[in-house]
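Notes for the one structure printed next.
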Amino acid sequence: INADKQMVGATALFVDFGELSELALSKRYSVFENDYRMVFTSDGTVVAHPKRELMGKKLTETNLHPTAQAAVKYIENRQDSVLNYISVDGNAALLGLSSLNVSNFGYLYVGIVAPEGSIFAPLNSLQATIFGSFVVCLLAI
């Protein structure tokens, strides 16, 4: 748009969601057992998900749990966060949300879902070891 408020050109951005999906869903980026990644548009529409049938739909259409609604509010308000989340399969998890600025054209959100059990497994193991050591010490005394 020029000084006379006339359009003199347009700019477009093409995002290859197939390649983005491959990168986002690659197991090589897994940190926790059974974790997965998702990519959303700024309104909560799923553009990458391990369950391909969810792609192109809003997260709140595919997951009716209130934690999904909360996640979309964070996305719409551009807030990075870690939330308690119930997955579409009904599993308790933590969801990490982080924005990805796509030049001046907007942003995408990357979500990482990790089951609570896999996150806390090392802590539970340590807790069992400490408790076992405590019991052994008590028996030795």
Regarding V82, is this residue assigned to a strand (DSSP E or B) and either on the phi < 0 side of the Ramachandran plot or acidic (D, E) (or both)?
yes
Output the number of the condition that V72 fails; it satisfies all remaining conditions of (1) in contact with a Lys or Arg (Cβ under 9 Å, 6 or more places away or on another chain); (2) open to solvent by less than 30 Å² (accessible area, probe 1.4 Å); (3) modelled with pLDDT under 90.
(3)
Which condition number in (1) in contact (Cβ under 8 Å) with a residue 40 or more places away in the chain; (2) under 19 Å from E22 (Cα atoms); (3) in a loop (DSSP other than H, G, I, E, B) is the one that S42 fails?
(2)
Determine whether I86 is surrounded by 13 or more Cβ atoms within 10 Å (Cβ to Cβ) and in contact with a His (Cβ under 7 Å, 6 or more places away or on another chain).
yes
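The values are calculated or read from the model by the stated rules, or taken from the named source; none is laboratory data. The structure displayed is predicted, hence computed values, not measured ones. For neighbour counting, all protein chains shown are included, and Cβ atoms are generated from backbone atoms with ideal geometry for every residue, glycine included. Each accessible area value is taken on the protein alone, full model and side chains, heavy atoms only, with ligands, DNA and RNA left out. Shrake-Rupley method; radii C 1.70, N 1.55, O 1.52, S 1.80 Å.
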